[in-house]
Number of protein chains: 2
Amino acid sequence: MAGRVTLADVARAAGVDISLVSRVLRGEDVKVREETRARIIEQARVLEYRPNAIARSLKNAKAGAFGLVIPTFNNPVYAQIIIGAEAAAARLGSVMLTTSGEGWDRTNWLEALDGGRVDGLLIAGGSGIDHSRLSVPYLMVNRAVPGVDRYVVLDDEKASRMAVDHLAGLGHRRIAFIGGPAGADTSVRRLSGFEQACRDRGLEQIAEPIPGEYTAVGGREAMRRLLEADLGLSGVVVANLPSAVGALQALDDAGVQVPEDLSVVAIHDAELAGLVRPSLTTVQMPLTQLGARAIELLATSSPSASINEVVAKPMQVVVRDSTGPVA
Amino acid sequence: MAGRVTLADVARAAGVDISLVSRVLRGEDVKVREETRARIIEQARVLEYRPNAIARSLKNAKAGAFGLVIPTFNNPVYAQIIIGAEAAAARLGSVMLTTSGEGWDRTNWLEALDGGRVDGLLIAGGSGIDHSRLSVPYLMVNRAVPGVDRYVVLDDEKASRMAVDHLAGLGHRRIAFIGGPAGADTSVRRLSGFEQACRDRGLEQIAEPIPGEYTAVGGREAMRRLLEADLGLSGVVVANLPSAVGALQALDDAGVQVPEDLSVVAIHDAELAGLVRPSLTTVQMPLTQLGARAIELLATSSPSASINEVVAKPMQVVVRDSTGPVA
DNA sequence: CTGAAAGCGCTTACAG
DNA sequence: CTGAAAGCGCTTACAG
């Protein structure tokens, strides 16, 4: 609670000029008498001096921080992106997180983060804002919005293909896809990957979109509709994890045995997948690396350069209890 | 990507002094000729002027932002605290979130947030740091560490009592408590509430601590031990939600039917509770209000005042499928 | 080896 | 009604 100790206070206490204190304290390579240096450091310690980051930022025209905007903290997918971003930022500065979703209105976070408080902005999952209004370099993460050419995404098509391959490898031939909301481009790419994989294998392409958002409730509803349609399915690929959990509920409600009657694979892995019963087989995507790469790109690229990158780190199918050989 | 437009640019374009621009743009009650005002506003618009929050903060000695430090984004409990805090802060400024846990080392976030970047710091779930080093007003949220007299918590004892009451109301007499890690004071209070409730009802006090942290794995392990001990239980209260999910897994593995053979109640409610099968009966605590109240207290109280508050908002048992009448 | 001065982009008395 | 000036707490050429 000490607070308010400035360079001037330390300088006065040590009997030197503030400029010298500044140099010494930042460990700058400056020729000072060892005695003077010691005095300065000692006084800074005694007074509990802590540099004012705000003043430093103003002078340097550099905030030393990055912003990361997340739609919601309820989706475990984002937790992994955050971890990657924070790790990558460790040397460059800090990461300030904000939600674009609940709790306050659309533009509030924009005001908060677009006034020099951060050196760059990572926007995860889109957020319906007008990017042209941003005065800070930004980068879309895991979402490529039309007209915005600064984004980094994952290989969503490949994830779907891996899911189909896994099921096909177990002998499944009637496989459906429960896709994300039409607005999300990740869901468009995952659907496209699914269709490709089916075409390659000569399988019928059966797809059911999730109404509304990428949620458990949406997944449950989509699964219900598939069951009603009675398509003779033996496998389902669900485009995201919470929705897959919802699908599992619908199956449980309908008395359908997983994986005996139907195998389920979800895209994206998280602890949740291992917690539900039956535990979910998933395609693990490199979310941590996505977060880390996003910080790297933001920190090193020119603010006006276009960035279109697909993070091509290894992905893998995590086999759990929701998939098995076709009956 | 415009960037770098300052008050001076607008002033030049409008042919006035920067001080006038500052006054007009902040909507200050200043007597300006309507024509001049219009010219200033027009130029600000044309140049896409955005105030530099850093410079403003330095001048005002006020950051206009609060920091919220969270141990992990993997626990849904914190998501609710965040929503409450953001809503309450909406008029006061923004909320900057940071993790104290994974991704970087212990003190990194401290440097990031303790240099004038925020006007106050909310620290959720403790974080093993030395509070005396903080130069910014802080408040512990949901954790009362010995020796720190600035905290706001929930009524953890009452939550346990409500859980026991619910089970007792269903006829249960042999009830165990799976508690949190010894280090967490929330777990101490919940255990104490459990013991009290049992004493009041003349029930035996059976408690099993969760090894390690408040996690699903810990809950599973604790449940396993309880099963091994073969105590003739009919009900279990689990001190936190992820651990309860773990406990459910242990029961499933052991072939114990929930709620037919054993009823389970978890403290804390979140979507996850409705997603697992069987869905979990929980005690819903006012986490959103906790977050909101924390911001309020931080914003309005003197930095040196001691704060010891228990948020006494309504709590309720959310009955789902994991509890039923004793066999 | 150390100091004096300018300036980062604002806000706010104080003048006119 | 509008402007000139000081100052928030730093950093960094430029001097000595």
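Where a number appears in this text, it was derived from the coordinates with a stated rule and is not lab data. For clarity, every value in this text was computed on a predicted model and none was experimentally measured. Cβ coordinates were reconstructed from backbone atoms using ideal geometry, including for glycine residues, and neighbour counts include every protein chain displayed.
Among the lysines, which have Cα under 18 Å from the Cα of B:Lys158 when same-chain residues fewer than 8 positions away are ignored?
Within the straight-line cut-off, B:Lys158 pairs with B:Lys313.
Given the rule -39500 (n - 2.57) for each run of at least 4 DSSP H residues, summed and divided by the residues of chain B, what is its mean residue ellipticity at 222 nm, to the nearest 500 deg cm²/dmol?
-12500 deg cm²/dmol
Could you check the spin-label model distance between A:Asp230 and A:Arg33? Points 7 Å from the Cα along Cα→Cβ, value in nm.
Distance between label points: 9.7 nm.
Can you give the alpha-carbon Rg of the range B:7-51 over 2.2 N^0.38 Å, where N counts its residues?
0.97
Ranked highest first by average number of other Cβ atoms within 10 Å, how do B:298-309, A:187-198 line up?
For the peptides B:298-309, A:187-198, the packing ranking is A:187-198, B:298-309.
Could you estimate the translational diffusion coefficient of chain B from the Stokes-Einstein equation, with Rh from the Kirkwood formula over C-alpha pairs, at 25 °C and 0.890 mPa s, in whole µm²/s?
It diffuses with D of about 110 µm²/s by this estimate.
Give the average, rounded to an integer, of partner chain Cβ atoms located within 10 angstrom of each Cβ in A:88-96.
Taking the mean over all residues of the peptide, I get 5.
For the range A:148-212, what relative contact order do you get, as a whole percent, if you take Cα pairs closer than 8 Å and at least 6 residues apart?
40
Could you state the orientation-averaged shadow area of the convex hull built on the Cα atoms of the range A:202-241, in nm² to one decimal?
Mean shadow area of the hull around the Cα atoms is 3.1 nm².
Looking at chain A as a GNM with Cα springs under 10 Å, which of A:Pro51, A:Pro209, A:Pro76 has the largest mean-square fluctuation?
For chain A, modelled as a Gaussian network with Cα springs under 10 Å, the answer is A:Pro51.
Among DSSP beta bridges lying fully in the protein assembly as shown, give the percent that are antiparallel, nearest 5.
The antiparallel proportion sits near 10 percent.
What distance in nm separates the two pseudo spin-label positions at B:Arg26 and A:Ala61, each 7 Å out from Cα along the beta-carbon direction?
Taking the two extended label points, one gets 2.4 nm.
For B:59-66, what's the mean count of beta carbons from other chains sitting within 10 Å of each residue's beta carbon?
If you average over the peptide's residues, the count of other-chain Cβ atoms is 2.
In Å, the Kirkwood hydrodynamic radius of the range B:154-245 over pairs of distinct alpha carbons?
12.8
Determine which residues of the range B:212-242 fall in the zone a paramagnetic label at B:Val310 would reach in this model, i.e. backbone nitrogen under 19 Å from the point 7 Å along Cα→Cβ.
Counting only backbone N, you get B:239-240.
Other chains near B:247-260: what is the mean number of their Cβ atoms within 10 Å of each residue's Cβ?
For peptide B:247-260, the averaged partner shielding equals 1.
For the protein assembly as shown, state what percent of all Cα-Cα pairs lands in each successive 20 Å bin, counting from 0 Å until the bin that includes the largest distance.
Answer for the protein assembly as shown: a P(r) of 17, 44, 30, 8, 0 percent.
Antiparallel versus total DSSP beta bridges in chain B: what percent is that, nearest 5?
Percent antiparallel among DSSP bridges in chain B is about 10.
Suppose we look only past 18 Å in the calculated P(r) of the range B:232-317. What percent of the Cα-Cα pairs does that tail hold?
Value for the range B:232-317: 53 percent of Cα pairs lie more than 18 Å apart.
What residues have an amide H closer than 5 Å to that of A:Leu121, excluding those fewer than 5 places away on the same chain, when H is modeled at 1.01 Å from N in the peptide plane?
A:Gly67, A:Tyr138, A:Leu139
Please report Rg over Rh for the range B:130-198, where both radii come from the alpha carbon positions and Rh follows the Kirkwood definition.
That ratio equals 1.14.
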